[in-house]
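Working notes for the structure below.
The values are calculated or read from the model by the stated rules, or taken from the named source; none is laboratory data. The model shown is predicted, which means the values in this text are computed figures rather than measured ones. In this analysis, Cβ positions are derived from the backbone assuming ideal geometry, glycine residues included, and neighbour counts consider all displayed protein chains.
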Amino acid sequence: MAPRTVYGIVGAGGHGREVLPLARIQLLPFLSTGEAQLTFVVEGVPPTQSVNGTPVISLEEFLSLKTPKFFNVAIADSKVRARIAATCEAAGAQPFSIIASTVIIHDDVEIGPGAILCHYVVLQSNIRIGRYFHANTYSHVAHDCHLGDFVTFAPRVACNGRIRIEDHVFVGSGTVIREGTPAKPTHIGQSAFIGMGSVVTRDIPAGIKVIGNPARPMSDNQGRIKT
């Protein structure tokens, strides 16, 4: 008998393979009884039939399934994530969040659908997070932070208190973002890119790429600012 529900992880690359075991543990009560099936989903023709013991099907095949279907997009590029999420939602698939067993969530935390919270992520108190948030291992969001949609944290990001992060921001591994104040939260503009190991001590305008300690705009070999 076919499973009643199919859970698809869109993206079978490195991030998808890291996320797969988290989803498998989370869904184990349903997988073990045959009530649900877990599969990788890829755009185009699948290059292989299975990855790490899990079936791989095309996005078209997944969306054509007549059984109830849930999806999560395990792709770091936020614009690609948004495009695929919109396609899946329009076809009637529902997003589900993947939350590792070691994640800590404190008081008054709201988080949108489609999140991936990897091992040892900590969300402190009074936090608002939008849709399809990715927080990789050991990332931390402190009190009174507001994050938009499709925000991506690489491992070990320290997002300290009173910070506003707009949609589609990428924050690289080991970045530390300075705490804001009640009157002036630290602000990271839409689609900003923060390189790994940065220390953010001031606001970052929308669309700017920064790196370093303190974080400054990236420049090419001719000294021109990259945006």
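Things worth noting here:
- Residues of the stretch 131-157 classified as farther than 18 Å from residue 75 by Cα, β-branched (Val, Ile, Thr) and in contact (Cβ under 8 Å) with a residue 24 or more places away in the chain, total: 0
- None of 97, 32, 64 is within 18 Å of residue 132 (Cα to Cα) and out of contact with any strand residue (DSSP E or B) (no Cβ under 6 Å at 6 or more places or on another chain) except 97.
- Look at the stretch 168-188: where a residue is assigned by TED's automatic domain parsing to the domain that holds residue 115 and a partner is assigned to a strand (DSSP E or B) and among the aromatic types (Phe, Trp, Tyr), sitting 6+ places away or on another chain with Cβ atoms under 7 Å, you get 170/193; 171/153.
- Residue 75 vs. criteria β-branched (Val, Ile, Thr), closer than 30 Å to residue 36 by Cα and touching a Gly at 6+ places or on another chain (Cβ under 7 Å): yes
Residue-wise test of (1) in contact with a Pro (Cβ under 7 Å, 6 or more places away or on another chain); (2) modelled with pLDDT under 95; (3) not assigned by TED's automatic domain parsing to the domain that holds residue 156.
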residue: 17; (1), (2), (3): no, no, yes
residue: 64; (1), (2), (3): no, no, yes
residue: 72; (1), (2), (3): yes, no, yes
residue: 104; (1), (2), (3): no, no, no
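- Selection over the stretch 183-227 of residues that are modelled with pLDDT under 95, over 20 Å from residue 167 (Cα atoms) and part of a loop (DSSP other than H, G, I, E, B) gives a count of 6.
- Taking the stretch 1-19 as the range and being closer than 18 Å to residue 94 by Cα and more than 14 Å from the chain's Cα centre (by Cα) as the test, the residues that pass are 3, 4, 5, 6, 7, 8.
- Count of residues meeting criterion [within 14 Å of the chain's Cα centre (by Cα) and β-branched (Val, Ile, Thr)] in the stretch 118-144: 4
- Single residue of the stretch 39-56 satisfying the filter (surrounded by 10 or more Cβ atoms within 10 Å (Cβ to Cβ) and aliphatic (A, V, I, L, M)) that is farthest from residue 68 (Cα to Cα): 51
- Among the strands (runs of 3 or more DSSP E) confined to the stretch 11-130, the ones with at least 1 residues that are at negative phi and free of Cβ contacts under 8 Å to residues at least 60 places away in the same chain are located at 36-42, 54-58, 109-111, 127-129.
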